[in-house]
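Notes to accompany the following structure.
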Ligand SMILES: [Mg+2]
């Protein structure tokens, strides 16, 4: 019997399939990628004066995405969330590896997945340089590599007292789309169309990360919710902050919701993949210039208030600059935790 239907043959086919996509890519990174997909290892040649940034993200079916999710959008998102981490440190993408577990070999599914994956790979000039495939519950694990001039990476630990706190784009739309798809709230079809892409196909803010790395003192990308993620900066920088809740940037679609939903989703909603960063006040002009150049809103939402050594505190203020009630603040600060459900 021929081995065409044996698992080995099938997975060999997948490897060839992804290799074709990788080979078809034109990249600007040939200087760094000495050897791409196809051998036991890829080989990278570090450029003098640059550091290599490395990040991994794993997406598990039923946990991070619906099992019947559109495979093309899933391919886009799987790579985009990794590029978002590179963006958060100010790195230029170099390449990525893909490890994927598949319950069955469905060529239609794979074709659509690869189409989405390589669309993002091409858009950000980030070629596939290696990986692995195996049979198992649907799991997608990507490791992305980027380069940054030595010492220029924007870390979480650099926020200083007096710094402004900024966020890119708008926040809360991915959570609004999820709420509509889960039937937690009713959203008219036309509204859902406006924001659905924020959940399915996030935009990694690569251009922003690179341009803002000379201005920002600390940064991260918002995957688990703005206020929850901001606390990582506070913890690592050992500072406190105050946030003006009504200044969180929201889309016109989210603005149609009740004030409570607006606040909850903008403050806590995950999956936005916007960049939250801190910067000294004297950088305001440069930051507004970057916003114009990228045609991307950058909104000042608060400031770093105190240096602390024990408990970092995040205070939420209302329109009048008054502190919100402790219970409301506590509820808004609870971030999405994959293990807490
Ligand atoms: Mg991140």
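Which count do you get for residues in segment 180-203 that are at pLDDT below 95 and closer than 30 Å to residue 312 by Cβ?
3
Using the structure shown, decide if residue 111 is at negative phi and either surrounded by fewer than 24 Cβ atoms within 10 Å (Cβ to Cβ) or within 16 Å of the ligand (Cβ to nearest atom) (or both). Talk me through it step by step, then tell me what you get.
Details: at negative phi: yes; either surrounded by fewer than 24 Cβ atoms within 10 Å (Cβ to Cβ) or within 16 Å of the ligand (Cβ to nearest atom) (or both): yes.
Taking the combined requirement at face value, the residue satisfies it.
Within segment 191-209, how many residues turn out to be surrounded by fewer than 20 Cβ atoms within 10 Å (Cβ to Cβ) and farther than 20 Å from residue 59 by Cβ?
5
Counting just the residues of segment 213-236 that are surrounded by 19 or more Cβ atoms within 10 Å (Cβ to Cβ) and more than 16 Å from the ligand (Cβ to nearest atom), which one comes out farthest from residue 155 (Cα to Cα)?
Checking each candidate, the answer is 215.
Out of the residues in segment 64-108 that are more than 25 Å from residue 224 (Cβ to Cβ) and either within 15 Å of the ligand (Cβ to nearest atom) or over 19 Å from the mean Cα position of the chain (by Cα) (or both), state the one that is surrounded by the most Cβ atoms within 10 Å (Cβ to Cβ).
The qualifying residue surrounded by the most Cβ atoms within 10 Å (Cβ to Cβ) is 102.
Does any residue in segment 1-26 that is assigned to a helix (DSSP H, G or I) come within less than 7 Å, Cβ to Cβ, of a residue that is modelled with pLDDT under 70 six or more places away or on a different chain, and which pairs are these?
As it stands, the answer is 9/3, since those pairs meet every condition given.
Collect the residues in segment 305-325 that are free of Cβ contacts under 8 Å to residues at least 60 places away in the same chain and surrounded by 10 or more Cβ atoms within 10 Å (Cβ to Cβ), keeping them in residue-number order.
If we filter segment 305-325 for residues that are free of Cβ contacts under 8 Å to residues at least 60 places away in the same chain, which is where we start, we get 310-311, 320, 322-323, 325.
Scanning segment 305-325 gives 323, 325.
Looking at this structure, is residue 75 out of contact with any strand residue (DSSP E or B) (no Cβ under 9 Å at 6 or more places or on another chain) and in a helix (DSSP H, G or I)?
On the way: out of contact with any strand residue (DSSP E or B) (no Cβ under 9 Å at 6 or more places or on another chain): no; in a helix (DSSP H, G or I): yes.
So residue 75 fails the test.
For segment 154-171, state whether one or more residues are over 21 Å from residue 333 (Cα atoms) and within 16 Å of the chain's Cα centre (by Cα).
Among the residues of segment 154-171, at least one is over 21 Å from residue 333 (Cα atoms) and within 16 Å of the chain's Cα centre (by Cα), which makes the answer yes.
What residue, among those in segment 119-136 that are part of a helix (DSSP H, G or I) and crowded, with 22+ Cβ neighbours inside 10 Å, is nearest to the ligand (Cβ to nearest atom)?
So, considering only residues that are part of a helix (DSSP H, G or I) and crowded, with 22+ Cβ neighbours inside 10 Å, the one nearest to the ligand (Cβ to nearest atom) is 120.
Restricting the search to segment 176-207, which residues are within 15 Å of the ligand (Cβ to nearest atom) and out of contact with any helix residue (DSSP H, G or I) (no Cβ under 6 Å at 6 or more places or on another chain)?
Answer for segment 176-207, where residues must be within 15 Å of the ligand (Cβ to nearest atom) and out of contact with any helix residue (DSSP H, G or I) (no Cβ under 6 Å at 6 or more places or on another chain): just 203.
Check every one of the helices (runs of 4 or more DSSP H) wholly within segment 250-322 and list those with 2 or more residues that are in contact with a strand residue (DSSP E or B) (Cβ under 8 Å, 6 or more places away or on another chain).
284-294
The values are calculated or read from the model by the stated rules, or taken from the named source; none is laboratory data. Predicted model, so just to flag it, every value in this text is computed and none were measured. FYI the Cβ positions are ideal-geometry reconstructions off the backbone, even for glycines, and counts take in every protein chain you see.
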